[in-house]
Amino acid sequence: MRSEKFPPPLPFSGTAAHRAALRRFPAVTAHCKPLLKTIAARTKLMQSIPREGNSAMLKARIFSLTALLCGLLPFPTATRAAILYVNASGSNPTPPYSSWFTAATNIQDAVNAASAGDEIIVTNGIYTSEANFTASSYGVVTSGVSVYDALTVRSVNGPRVTIIDGGSQVRCIYLTNGATLSGFTLTNGTASDYAAIGGGALCESSAVLSNCVLSGNSAVDGGGSYSGVFYNCTFSGNNAAGGGGGIKVGVLYGCLVVGNSAQKSGGGAYISSLYNCAVVGNSPDGVEGYNSNHIPEPSYAYNCIIYFNSNRDVVVCELDHSCIGSGEDPGTSSFTNNPFFIDTAIGDYRLQSGSPCIDAGANEWVTNSTDLDGNPRIVNGTVDMGAYEYQINVPAPVLQAVTQTNGLVTLTWTSANGQLYQPQYNPDMSPGNWSNLGPPLVATGPTASTTDPLAANTQRFYRIVMLR
């Protein structure tokens, strides 16, 4: 008799036993559901056949083979995340917005067409939209853009040219847990709904914003934003009628918080945690915590510079390796020395070469690989305090071209991103006769340029001075 090899059969006692076995593996059960019906049908068929010889073994083999075939069928795989496109100037918006040719013309349409895990890519433009109502942990909130799924929304060319404008009528954006926004300016947002919090952004606790600018927004609490996690962002000119002109209840990494105001508490940041941030020129206070009935809810500042705020720099704030002007005992790891910014008058909060904040931070608090300029976060072995890392060994600028068109002279030179340069001119090359050509310029790439409206029959020599 010829020997045949079969997979070891499951203990056979009818369809109930097989179903019980498969129930232990719910993914298999769902995958094989169509075949379970076949098994049941075959069982009825086998029961109707006269039993001769080893019919029980034959029956067991049929069931084992069915189970084996079920196991060999391919299992469903996870759906691949989709990419959706948004172009404010698009002319053919067609769902699902899967190419630039069919791109949505507003962000909300793309959000509505997306599923959790998808990515939405947005090109240059000013994006406004009607109010969108969304259920959140804060109640039903109204925002110009409501990201209610765990999506990634990012711009192509950054916050200077990609803007979400609330029109002074509505909050700019709401972000749920797991959602990410990268490379946008949020401006003119107003928290006009019942919640009245987060003028620029209202975030659930794990929502993330990176490389964003939140400017000119207002709310009762959290003028710039309420809650959220922020990487390399700028908060400027935001206002809160209550607390947290720039941010309330947020976590900030490598951010600049400047020129915000609150009527009551924490002009810059209120009940928040800050790492390698610069908090400057806010009113009435820079960073503030909360203390009621002797139950403190402090803010935290690590590797930060909190200076030149209008009243006190820190209030109910726990410090570590930070530079503050006033408000709290700095303890042993922090200090009150002047940080020596390049030029606060023009908003340059990078460090001069002699700043005491250089190499004065603690590396254990570093999470970002780059600073607010996109330069390496740790130089010379130890992180600096503040949002900008002082860069060593930056190459000297080389004046590449001097061109003249219709009396307008254009100077172009090599540069380093975030580096400060001062163009100068001299009519006769006398050593003491150099004059500044306009204010200092901060480079944003490998080359920089400026212009000089040179009068007719005028001779000038030019040079570029690196200020740090």
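The values are calculated or read from the model by the stated rules, or taken from the named source; none is laboratory data. The shown structure was predicted, so the numbers you read here are calculated from the model rather than taken from an experiment. Note that we place each Cβ from the backbone using ideal geometry, even for glycine, and neighbour counts take in every protein chain shown.
Overview of results
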item	result
Residue within the range 126-144 that is hydrophobic (A, V, I, L, M, F, W, C), modelled with pLDDT of 95 or more and under 15 Å from the mean Cα position of the chain (by Cα) present	no
Single condition TYR307 does not satisfy, out of (1) at pLDDT 95 or above; (2) farther than 19 Å from GLY361 by Cβ	(2)
Among the candidates GLU328, GLU364, residue that is among the charged types (D, E, K, R), assigned by TED's automatic domain parsing to the domain that holds TYR300 and either in a loop (DSSP other than H, G, I, E, B) or under 28 Å from the mean Cα position of the chain (by Cα) (or both)	GLU328
Strands (runs of 3 or more DSSP E) fully within the range 395-446 counting 2 or more residues that are touching a residue at least 40 places away in the same chain (Cβ under 8 Å), touching a strand residue (DSSP E or B) at 6+ places or on another chain (Cβ under 8 Å) and among the charged types (D, E, K, R)	none
Among the residues listed as VAL140, VAL156, the single one being aliphatic (A, V, I, L, M), surrounded by fewer than 17 Cβ atoms within 10 Å (Cβ to Cβ) and under 18 Å from LEU84 (Cβ atoms)	VAL156
Every residue from the range 314-324 that is farther than 24 Å from GLY242 by Cα, touching a strand residue (DSSP E or B) at 6+ places or on another chain (Cβ under 6 Å) and in a loop (DSSP other than H, G, I, E, B)	SER322
Condition met for ALA362 (without any contact (Cβ under 8 Å) to a residue 12 or more places away in the chain and either hydrophobic (A, V, I, L, M, F, W, C) or buried (at least 19 other Cβ atoms within 10 Å of the Cβ) (or both))	no
Any strands (runs of 3 or more DSSP E) falling wholly within the range 196-313 and containing at least 1 residues that are buried (at least 24 other Cβ atoms within 10 Å of the Cβ)	201-203, 208-210, 213-215, 229-231, 234-236, 251-253, 256-258, 273-275, 278-280, 285-288, 299-302, 305-307
Elements of type strands (runs of 3 or more DSSP E) contained in the range 95-165, each with 2 or more residues being out of contact with any Phe, Trp or Tyr (no Cβ under 7 Å at 6 or more places or on another chain) and closer than 30 Å to LEU372 by Cα	119-122, 125-127, 139-147, 152-155
